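Input: a single structure, listed below in C-alpha cells.
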Amino acid sequence: MHRSADRPSPSHPSSWLRLAAAAALLFAAAPLLAQAWKPSRTVELVVFASPGGGNDKAARALQKIWADNKIVDAVVSNRVGGGGTLAYTYVSQKAGDGHYIAIAQAGVLTNPLAGRTTLTYNDMTVLPYIGTEPVSLAVRTESPIKTLKDFADRLRGNPASLTISPGSTLASTNHFVVALLARAVGSDPRKLRMVTFGGGAEAATNVLGGHIDAMVNASNNAVPHVQAGRMRMLGIASPKRVASLPDVPTFRELGFDVIQDSWYVFLGPRGLTQAQIEFWDDVFARTMKTPEWKKFVAENGWEYGFMPSRETAAFLKKEHEEARSIMSDLGALKAGQ
C-alpha cells in the first residue's frame, strides 16, 4: 500500500511512541469527561414559604436570571408546611438527583433542635451560601407603637400583650430577634405570643389588616408597604444600617444589643456526587456576578455574599451551635438536643 512520504509508518518506533502518548492522554482525560455533570431536564427549585415572601422572591429572581442568561432551566415549586420541614423532606427524598435543590434559612437548623423534625442539614447535601438580608420589625402606620422603645416597653410590661409573626417558622432567626429583645428588657421570651403564616407576605397582610400587632421578617416583606405609607419599620437587627434602608436605625443604635441577619443557603438531596456539587457551585458563583443579581441585592437590602459548598458547610456547623445556644437560653430546645 502506498504511504505518503510525510506520514510516518506505524512500524517506525517513533510513530508507535507518539501513538502511545496520544492514547495515554486520551485515557487520562476520560475520567475528567466522565465526571462532568449538568441537568438533563428542568430543575425544581423548592421554596418552603408561600409566594411573595422573601425566599420566594429570591428563588424567582434566580429562576429568571438563569432563564434569561441560559444558565439553567428551572421552575420554582412552593412546598409550604412545618416551617420548611415539608420542603426539606421533599428534596431530601430525591437521593442523588441534582435536579432538585431547596432554598434554606435558619429553620433548617432550628426545626430539628426544637423537635419538629428529625431531618437535619447533615441528611442533605450542602450547596452554596448566597448572602444575607436584614431582619426588620414593622407595624402598620395606624399602630400606637411609634418606636422600638414603645415596642420594648410593651414587652417589658407584658410580653403576651403583643401578637407578633416571625413569618412561617417558630424558633427561627426572626423569632430570635424578638426573643432576644424581650430578654434584654427583662421579660420571659417564652411568654411571647408568636403566630406563624405561610410566609412573610401573609404576615404582612395580617399586620396591615390589624389582625396582629407586628411582624419580624426579612426586610423586603415590609419595604413595599413602607414605601406606600402603610407600614412603619421600627428597626433592623443588622450590625449596621443598610444602603437600601438609610433611614431605618439598627436595634443597637436604639440601645438594644440585638443582631440577627437572615441568611440564605441552598441544599440538595443526600448523596449528590462531587461533579453535581461542583456544577451548582459554578452556577451560583456565575449567577452572583450577574448585573441582574446585583440589582436584586441592592433593591432588597441584601448584603452581597457567596460561599461555595465546602465553606457553606463550615458556616452551617457554626450557625447550628449558635442556634442551639440561643434556643437553650430561651427554653425552646428539645430535651436531648
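The values are calculated or read from the model by the stated rules, or taken from the named source; none is laboratory data. Just so it is clear, the model here is predicted, and its values are computed rather than measured. Neighbour counts are summed over all protein chains in view; Cβ atoms, including those assigned to glycine, are modelled from backbone coordinates with ideal geometry.
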For the subset of segment 305-328 comprising residues that are within 16 Å of Thr132 (Cα to Cα) and acidic (Asp, Glu), which member is farthest from the chain's Cα centre (by Cα)? Glu311
Among what's in segment 282-294 and is free of Cβ contacts under 8 Å to residues at least 40 places away in the same chain and out of contact with any helix residue (DSSP H, G or I) (no Cβ under 9 Å at 6 or more places or on another chain), pick the residue that is surrounded by the fewest Cβ atoms within 10 Å (Cβ to Cβ). Pro291
Answer with yes or no whether Ala171 is among the small types (Gly, Ala, Ser) and over 17 Å from Val207 (Cβ atoms). yes
Failed condition for Pro308, given (1) at pLDDT below 95; (2) touching an Asp or Glu at 6+ places or on another chain (Cβ under 7 Å); (3) over 30 Å from Ser187 (Cα atoms): (1)
Can you tell me how many residues in segment 113-168 are closer than 22 Å to Lys334 by Cβ and of a type in the set (D, E, K, R)? 2
Being at pLDDT 95 or above, among the hydrophobic types (A, V, I, L, M, F, W, C) and farther than 22 Å from Asp282 by Cα is the filter here, so list the residues in segment 120-143 that pass it. Leu137, Ala138, Val139
Search segment 83-94 for residues being in contact with a Ser or Thr (Cβ under 7 Å, 6 or more places away or on another chain) and small (Gly, Ala, Ser), and hand back the single one that is farthest from Phe284 (Cα to Cα). Gly83
Answer yes or no: is there a residue in segment 280-301 that is assigned to a strand (DSSP E or B), in the same structural domain as Lys70 (by TED's automatic domain parsing) and farther than 30 Å from Asp150 by Cα. no
So Asp282, is it farther than 25 Å from Leu170 by Cβ and either at pLDDT below 95 or of a type outside the set (Val, Ile, Thr) (or both): yes
